[in-house]
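Novice: Could you have a look at this structure, given as structure tokens, before my questions?
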Amino acid sequence: MRFTNMEGLESYFKAHNLPLYERGGYDKYLKENGFNYTVPSIHITGTNGKGSTAAFIKNIYVSAGYKVGLFTSPYLSKANEMMIINDDMISDEVLIGYMNRYIESFERYALTTFEMQTVIVLTYFTEMKVDIAIIEVGMGGELDATNVFIPKLSILTNVALEHTRFLGNTIEKITLSKAGIVKPNIPVLLGRLNDVAYSTLKGVADKRNSPILISPEPTNIIVHEGLTFDFEGYKKLAVSMPASYQADNASVAISAVEALKKLYPITEANIRQGLKDTFMPGRMEIIAHDPLIILDGGHNPHAASALAVAMKAFAPTPVYIIFSAFKDKNVEAMFRSLEEVSKRIVVTSFDHVRARTREDYEDLKYPYIENYQDALRQTLARAGKQSIILMTGSLAFVGVVRDYLKEDKKR
């Protein structure tokens, strides 16, 4: 097999895109091919905020002049988005080249899509000789495909119930899974953990002699076009994204670069510039005006709760919500949080094998419109120009909507 374009490669990725905890012959592949990743890296896990925290860290280091790799998942539009060096996604030609180089062995060992992508990106960062890489787990930690190296720092942003079918049905079990990235004698930085998660993580860290660092909370958070906040000795730090929860993510990022300051010196100016330069598509992203259309890929109850808090900055503007989620999500809990924002909720679906359809909801009390484009058109007809339309429930859904709206603007 040989790939000649991204369309063929994306189709192949989609066909092999098994759930992240379904393993191919990955471990055997790594062992028999002598895979050894030694690029200095930061490893990040957590229920939410992983991608934003990783992006903040990357941009702070880029501002300081380092060559920085960033691996995050999932992507919104194309797989290239997952693999970044400084501000540049991996090119189509390079990504296709890696797949053509490895496809025979990938298929021989029956690797899944995420396993293939992990091998490629770690090889890419090695061959491009980045100074430091920021690696986000796909799911959990212990059994994740990215868990194949010794980091300079491990980060756990937060823990809530998610992926319970794979990670366990309690906070303790989920924390234990995520704690798999904690390595002996390597410090682990913690964001906002409840008592159960902290106690569980501490037990693992103590056994592995891993120092625990705790990121302080931000203060004086003010939301406007973006947001400003104070953090320890830093005053009025600015973030371009108008979501209050980004202050937490930015704070963890600052704590991370401070923890590694002896290895990778940075200045306050680097921190300020890195935060200002960070933009995460699909995270409280304002994509249109009159009415305001906001896209947020919050895909679990913890994220929906944070979104509800963030949306309070827009009160008392009327909000209309268009919602679509994956089949394995606790939508009832998500709805409870979203109802704090507005009870004007429309449920829809989109073209994805995991997307919920009408049959996947029990006792649905909101209107259901099968086609998300129809749902958006009908909502636009009802909402006034001074209203807000919030589209949320899944990062994959937001990615599809984002592409549609951008294409619609071109017409």
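All of the numbers you see were taken from the coordinates with simple rules; none came from a lab. The structure presented is a predicted model; accordingly, all values stated were derived computationally and were not measured. Neighbour counts are summed over all protein chains in view; Cβ atoms, including those assigned to glycine, are modelled from backbone coordinates with ideal geometry.
Novice: Report, by chain and number, residues whose modeled amide H sits under 5 Å from the one on Ala133, excluding near sequence neighbours (fewer than 5 apart, same chain).
Specialist: Ser41, Ile42, Gly69
Novice: Would you give the gap between the C-alpha center of region 366-397 and the C-alpha center of region 247-317, rounded to a whole Å?
Specialist: 23
Novice: I've got another one for you. Give Lys31/Lys78; Lys67/Lys152; Lys312/Lys365 a once-over and call out the pairs whose C-alpha atoms are over 18 Å from each other.
Specialist: Lys31/Lys78; Lys312/Lys365
Novice: Another question, if that's okay. Over the chain, what number does the Rg to Rh ratio reach, with both radii from the alpha-carbon atoms and Rh per Kirkwood?
Specialist: Rounded to two decimals, Rg/Rh equals 0.95.
Novice: Using the Kirkwood radius over C-alpha pairs as Rh, can you work out the diffusion coefficient of region 312-359 via Stokes-Einstein at 10 °C, viscosity 1.306 mPa s, in µm² per second?
Specialist: For these conditions, the coefficient is 134 µm²/s.
Novice: Could you tell me which residue out of Ser105, Gly65, Ala54 lies farthest along the dipole of the chain toward its positive end? Charges go on the beta carbon: Lys and Arg +1, Asp and Glu -1, centred on the Cα centre.
Specialist: Positive-end residue among those listed: Gly65.
Novice: Compute the distribution of all C-alpha to C-alpha distances in region 238-375, in bins of 5 Å from 0, and list the percent of pairs in each, rounded to whole numbers.
Specialist: Result returned by the calculation: 2, 9, 16, 19, 17, 12, 10, 7, 5, 3, 1, 0.
Novice: Under a crude label model (7 Å from the Cα following the beta-carbon direction), how far is Gln378 from Asp351 in nanometres?
Specialist: 2.1
Novice: Go ahead and run the numbers for FRET between Ile212 and Glu268, Cβ-Cβ distance against an R0 of 25 Å, rounding to 0.05.
Specialist: Plugging the Cβ-Cβ distance into 1/(1 + (r/R0)^6) gives 0.50.
Novice: Quick one: which residues, 5 or more positions from Tyr320 or on another chain, have an amide H under 5 Å from its amide H? H modelled 1.01 Å from N in the peptide plane, none for Pro or chain starts.
Specialist: Here the answer is Ile388, Ile389, Leu390, since their amide H atoms fall under 5 Å of that of Tyr320.
Novice: Calculate for the chain the 222 nm mean residue ellipticity that helices alone would give, adding -39,500 (n - 2.57) per DSSP H run of length 4 or more and normalising by residue count, nearest 500 deg cm²/dmol.
Specialist: Only helices count here, giving -12000 deg cm²/dmol.
Novice: Express the C-alpha Rg of region 215-265 as a ratio against the empirical globular expectation 2.2 N^0.38 Å, rounded to two decimals.
Specialist: 1.14
Novice: Label point 7 Å out from Glu172 along Cα-to-Cβ: which residues of region 205-236 have amide N under 17 Å?
Specialist: What the label zone holds, given the 17 Å backbone N cut-off, is 205-207.
Novice: Quick check on packing: order 354-367, 203-216, 275-288 by the mean number of other C-beta atoms within 10 Å, highest mean leading.
Specialist: Result, highest mean Cβ count within 10 Å first: 275-288, 203-216, 354-367.
Novice: Right, another one. Once phi is turned into ³J(HN,Hα) by the Karplus curve 6.51 cos²θ - 1.76 cosθ + 1.60 with θ = phi - 60°, what whole-Hz value does each residue of region 198-204 show in order, with x for glycine and proline?
Specialist: 5, 4, 5, 5, 4, x, 5
Novice: Please compute the modelled spin-label separation between Glu93 and Glu32, points set 7 Å along Cα→Cβ, answer in nm with one decimal.
Specialist: 3.4
Novice: Let me ask something else. Give, as a single signed number, the net charge of other residues whose beta carbon lies under 12 Å from the beta carbon of Arg192, with Lys and Arg counted +1 and Asp and Glu -1.
Specialist: -3
Novice: Hey, rough spin-label estimate for Ser199 and Glu127, points 7 angstrom out along Cα→Cβ, what's it come to in nanometres?
Specialist: Result: 4.9 nm between the two label points.
Novice: Return the loop-located chymotrypsin sites (Phe, Trp or Tyr not before Pro) in region 44-122 (DSSP other than H, G, I, E, B) with at most 13 other Cβ atoms within 10 Å of their own Cβ; answer none if there are none.
Specialist: Hits after loop and neighbour filter: nothing returned.
Novice: Using modelled backbone amide H atoms (1.01 Å from N, in-plane), which distant-in-sequence or interchain residues come within less than 5 Å of Leu161's amide H?
Specialist: none
Novice: Where both residues lie in region 9-137, what percent of DSSP beta bridges are antiparallel, nearest 5?
Specialist: Roughly 40 percent of the DSSP beta bridges within region 9-137 come out antiparallel.
Novice: Ranked highest first by average number of other Cβ atoms within 10 Å, how do 299-307, 193-201, 331-339 line up?
Specialist: 299-307, 331-339, 193-201
Novice: For the chain, give me the percentage of DSSP beta bridges that are antiparallel, rounded to the nearest 5 percent.
Specialist: Percent antiparallel among DSSP bridges in the chain is about 30.
Novice: Run through region 165-265 and list the GluC sites (Glu not before Pro) located in a DSSP loop whose Cβ has at most 15 other Cβ atoms within 10 Å.
Specialist: Glu225, Glu232
Novice: Using 0.36 nm per residue of separation minus the Cα-Cα distance, give me the extension gain between Tyr361 and Asn100 in nm, one decimal.
Specialist: 89.8 nm
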